[in-house]
Every structure is written in C-alpha cells, then in structure tokens.
Amino acid sequence: MNQSITEKVLSANSICFLTGAGVSAESGIPTFRDAKTGYWEQFNPQELATQEAFTKDPQLVWNWYQWRRQLVADAKPNSAHKVITKIQQQLPNVNVITQNVDGLHQASGSREVIEFHGNIRNNKCNICKYAEVNMDNLTEDIPECPHCKTLLRPAVVWFGEAIPARASAHSIKAVKECDVFFSVGTSSQVHPAAGLAQLARINKAMIIEINPNATPLSSSADYAIAEPAGSALEDLAADLFK
Ligand code: BV8
Ligand code: ZN
C-alpha cells in the first residue's frame, strides 16, 4: 500500500470508512446494480426499492427482498470486512458507515456500525414504531403489523425516503472529524451517501477510494486504488500491522 497512506492512517486522530455493495460482493452478495441475476434481471433495483413499487405490487417487492435475504443468510464476512474490523480495534476513533443492508460489518465484529440505508434483516411498520427481525421467515407471506394491521415492509431506506435521523447525524459528525476518509466498494452515485466524501474533503481529510472501477469520486480522491476491496485492504493491514 502507498507509504503516505500508511503513514497518514497510523498518525490519524480519526478514520472514517464509507462502504457500499462492492465490499459485500466478495461474500457472494451481488452489488446493488448487479442484483439482477436470474429472474430479477428483468427489474431495475432503483424502481423496486421504492414505496411506490411496494404499494403497487407488495408481493413482487417482498419476493425480491426475500431472495436477497436468502443471499444474506448464506453470506459470511470477507477479508474486507475483517480488515476494517481490525483497523477499528487497533486504531483510535474509527467509524464505519455502510450503505449495505446485510449486517456483515457487524457479523465481522465491527462496532457501532452506522447503517445509512437501514437493514434488510428486519421489517418495520410504516405507521407505528413496530419492528421485528425477519431472517427466520423467508416465505412469501408478508407479515402484518400487530397493531395497525397493515403490511410490514423491509426496514431499509427506499429511494425517495429520508435517511434515518440518527444515522445521518452520526455520519455527518464522523465525517467532519475524520483525518482519513475511505470510500470502499461504492459507485458513489446515490445521494446523500455519495455527498459524504465531499464533506470529508471540505474538512481536509485524505480521501482514499478503493474500487476496481472508476466512479464520480475517483478524479477528486487523493488516492483511487483500482483494486478489489479484499486484496487492497489486506495490503493496507500488512503495512499497518507488520
Ligand atoms: C432521498 C437500501 C429525499 C435499499 C438504497 C428522484 C426522486 C427521489 C429521489 C431522487 C431522485 N433523484 C435523485 C434522488 C435522490 C436519490 C438518489 O440518489 N438517486 C440516484 C439513483 C440518483 N436518493 C434517495 O432517494 C435517498 N433519499 O434523497 O430522500 C428526502 C429527504 C427528506 C425527506 C424525504 C425524502 C435514499 C437513497 C437510499 C436508497 N436505498 N439501499 C435496498 O438495499 O434495497 S441505495 C443502494 O444503492 C445502496 O444502499 C447504495 O447506497 C446504492 C448504490 O449501491 P452501491 O453500494 O454503490 O453499489 P453499486 O452496485 O451501485 O456499486 C457497487 C460498486 O462496487 C461498483 O462501483 C463496483 O465497481 C464496486 N465493486 C464491485 N466489486 C468490488 C467493488 N469494489 C470493491 N471491491 C470489489 N470486490
Ligand atoms: Zn404498526
């Protein structure tokens, strides 16, 4: 890994990771844009991941989430998750913000993970505060809220929905105080998540992108490492903890 990155990371007072679907790709979960394999190839995730789609055809949207939940249930954290956990354990003030809804950062031992777009493992009610874990119900039956008798929906942030207030506030605080901002495995196209890198830049953080493909962030990042997350982060860990 580039020496200036290693030195900057070791001397940082605060480090922030923003991760996207590319970090879970190596655990066998297709990225958000690729989550169209097989039957789901005919649908656009950006249209399915909306309240409108769920209202229009709850069973279709529910089945898509149940298919993705099965992938999540079978998935294990990969080396990218594990290195981020090790960095959080070994270095001071390391915050992990994820756009992923699969819970794999927590499964690998990362703490206080900020779930910017919620979590696919749970359901919630649109009307009251009721929420429940869904992972042991991968059937086509859509559960109802026990209080409101309306259909429950996956506890994720859909397009057109606001980021949960706590996740948003904690993310902005973490980004504002960090000296190093890693953007790992995200296409940097969905806002407001994609805006976090610009906020880090305004606060003079070193911006390091890890993504085999170029994104809208690549040209303005201090370092754009065009490698898969697993191997790039393993290289970084080898230099940090040698
Ligand atoms: C909001 C949870 C306002 C759900 C997700 C018109 C109408 C309404 C809104 C908008 C609009 N136009 C624009 C908007 C804003 C919209 C937006 O940004 N749209 C985009 C498409 C232009 N944003 C929103 O709607 C947000 N809300 O604006 O609300 C508001 C405000 C106040 C009050 C009310 C409303 C909400 C956005 C959240 C949507 N939910 N996920 C679910 O999962 O089902 S987004 C979802 O897609 C992901 O969470 C992620 O954030 C996003 C992109 O996915 P990525 O993680 O980046 O994955 P992607 O597949 O794109 O890329 C993977 C990358 O990995 C690639 O670059 C690839 O090269 C790389 N990769 C692959 N392998 C590897 C790798 N990298 C490293 N290693 C590897 N091995
Ligand atoms: Zn309810």
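The values are calculated or read from the model by the stated rules, or taken from the named source; none is laboratory data. This is a predicted model, so every value here is computed, not measured. In this analysis, Cβ positions are derived from the backbone assuming ideal geometry, glycine residues included, and neighbour counts consider all displayed protein chains. The area values use the complete protein model at the heavy-atom level, side chains included, leaving out ligands, DNA and RNA. Shrake-Rupley method; radii C 1.70, N 1.55, O 1.52, S 1.80 Å.
Measuring how big segment 25-133 is from its alpha-carbon positions, Rg and Dmax come out at 15.4, 48 Å.
Calculated on the alpha-carbon coordinates, the convex hull of segment 2-88 measures out at 131 cubic angstrom per residue. Is the shape of segment 171-214 rounded, prolate or oblate, going by the alpha carbon gyration tensor and its root eigenvalues a ≥ b ≥ c, with a/c under 1.5 for rounded and a/b larger than b/c for prolate? Oblate is the answer for segment 171-214, as a/c is 1.5 or above yet b/c matches or exceeds a/b. Here segment 93-242 is treated with +1 on each Lys and Arg Cβ and -1 on each Asp and Glu Cβ, and its dipole about the Cα centre works out to around 600 debye. The charge dipole of segment 49-148, taken about its Cα centre with unit charges on the Cβ of Lys, Arg, Asp and Glu (plus for the first two, minus for the last two), comes to roughly 480 debye. With no solvent and one point on each alpha carbon, what is the Debye value of log10 I(q)/I(0) for segment 123-242 at q = 0.19 Å⁻¹? Ignoring solvent entirely, the Cα scatterers give -1.01. Residues whose amide H lies under 5 Å from that of Ser188, counting only those 5 or more places away or on a different chain, are absent; hydrogens are built 1.01 Å from N in the peptide plane.
The modelled label-to-label distance for the pair Thr55/Trp67, using points 7 Å beyond Cα in the direction of Cβ, is 2.4 nm. For Lys173, the aspartates and glutamates whose Cα comes closer than 14 Å to its Cα, not counting residues fewer than 8 places off in the same chain, are Glu112. Looking at segment 139-168, the GluC sites (Glu not before Pro) that sit in a DSSP loop and have at most 15 other Cβ atoms within 10 Å of their own Cβ are Glu140, Glu161.
Projecting the Cα atoms of Ser187, Gly160, Cys128 onto the charge dipole of the chain (Cβ charges, centred on the Cα centre) puts Cys128 farthest toward the positive pole. Summary of the geometry: segment 74-103 and segment 209-242, compared by the centres of their Cα atoms, lie 15 Å apart.
Listed values for segment 113-126 are Karplus-derived 3J(HN,Hα) couplings in whole Hz (6.51 cos²θ - 1.76 cosθ + 1.60, θ = phi - 60°), namely 5, 8, 8, 5, 10, x, 9, 5, 6, 10, 10, 9, 9, 6, and x replaces Gly and Pro. For segment 6-131, carbon and sulfur atoms together expose 49% of the accessible surface, with a 1.4 angstrom probe and every protein chain in place. Secondary-structure-derived ellipticity at 222 nm for the chain, considering helices only, amounts to -10500 deg cm²/dmol, per-run term -39500 (n - 2.57) for DSSP H runs with n ≥ 4.
Approximating the spin labels as points 7 Å out from Cα along Cα→Cβ, the Leu10-to-Thr139 distance works out to 5.7 nm. Taking θ as phi - 60° and the Karplus parameters 6.51, -1.76 and 1.60, the scalar couplings of segment 97-112 work out to 10, 10, 8, 6, 10, 8, x, 6, 4, 5, 4, 8, x, 5, 10, 6 Hz in sequence order, x denoting glycine and proline.
For Lys8, go through the aspartates and glutamates and keep the ones whose alpha-carbon is under 18 Å away, minus same-chain ones fewer than eight residues off. Straight-line reach from Lys8, under 18 Å: Glu177, Asp179, Glu209, Asp222, Glu234, Asp235, Asp239.
Short-range pairs are left out: with C-alpha atoms under 8 Å and at least six residues apart, the relative contact order of segment 78-229 is 15 percent.
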